[in-house]
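The values are calculated or read from the model by the stated rules, or taken from the named source; none is laboratory data. Here the structure is a predicted model, which means the values were calculated and not measured. We place every Cβ from the backbone using ideal geometry, glycine too, and count neighbours over all the protein chains shown.
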Amino acid sequence: MGRSVNMHEGLVFVAIIAAVIFTSVLGALIIVPVLASLGVLGTYVRRRLLGLSPFDNPAALDVETGKTVVSNQ
């Protein structure tokens, strides 16, 4: 599950175990999406503070051809 949310598998495992200990199974189901959301928000804030584009993927989909177009900005 760690790869699908771009987080280390050990962090996901420890977070699930801690959620089970401190809350219940419901907490274990909720903790991974919460951690993934916090990771995305943290990356966004860090990139904005450094003056970088908040989204590092400049690829777009061409509507007419259906192919990915990469812009050189």
- prompt: Of the numbered conditions (1) surrounded by 11 or more Cβ atoms within 10 Å (Cβ to Cβ); (2) modelled with pLDDT under 90; (3) of a type in the set (Val, Ile, Thr), ILE30 satisfies every one except a single condition; which is it?
  reply: (2)
message: Restricting to segment 49-68, give me the number of residues that are surrounded by 10 or more Cβ atoms within 10 Å (Cβ to Cβ), more than 25 Å from LEU11 (Cα to Cα) and modelled with pLDDT of 65 or more.
response: 2
